[in-house]
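The values are calculated or read from the model by the stated rules, or taken from the named source; none is laboratory data. Quantities reported herein were computed from a predicted structural model and do not represent experimental measurements. Neighbour counts are summed over all protein chains in view; Cβ atoms, including those assigned to glycine, are modelled from backbone coordinates with ideal geometry. Protein only, heavy atoms only, side chains kept; ligands, DNA and RNA dropped before computing areas. Shrake-Rupley method; radii C 1.70, N 1.55, O 1.52, S 1.80 Å.
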Amino acid sequence: VPEPDICVLRGVRNQYTQLPGAEDVALAVEVSDSSLRRDRTWKGSIYARAGISVYWIVNIPERCIEVHTDPTGPE
């Protein structure tokens, strides 16, 4: 199970008495340099299957942010 570098959760902080699940994630962010290919394919596919609809990749080599909404990942 991948863990994003940054995660924005829905709701308020004190509502979580246990680790949040994929349904609680409003935004997952991966900061990528050497892991860029894996973050675009493997992790993007996993986040999509989990129902995380907004996924960003902070692409360090190209100095940009890739925004993926309703990602599907590779088939």
Quiz item: Which ones in the range 23-36 are farther than 16 Å from Cys64 by Cβ and open to solvent by 40 Å² or more (accessible area, probe 1.4 Å)?
Solution: Glu23, Ser34
Exercise. Return the only residue of Ile52, Ile57 being out of contact with any Lys or Arg (no Cβ under 9 Å at 6 or more places or on another chain), β-branched (Val, Ile, Thr) and at pLDDT 90 or above.
Key: Ile52
Quiz item: Only one residue in Pro2, Pro20, Pro61 is surrounded by fewer than 16 Cβ atoms within 10 Å (Cβ to Cβ), in contact (Cβ under 8 Å) with a residue 40 or more places away in the chain, of a type outside the set (Phe, Trp, Tyr) and in a loop (DSSP other than H, G, I, E, B). Which one?
Solution: Pro2
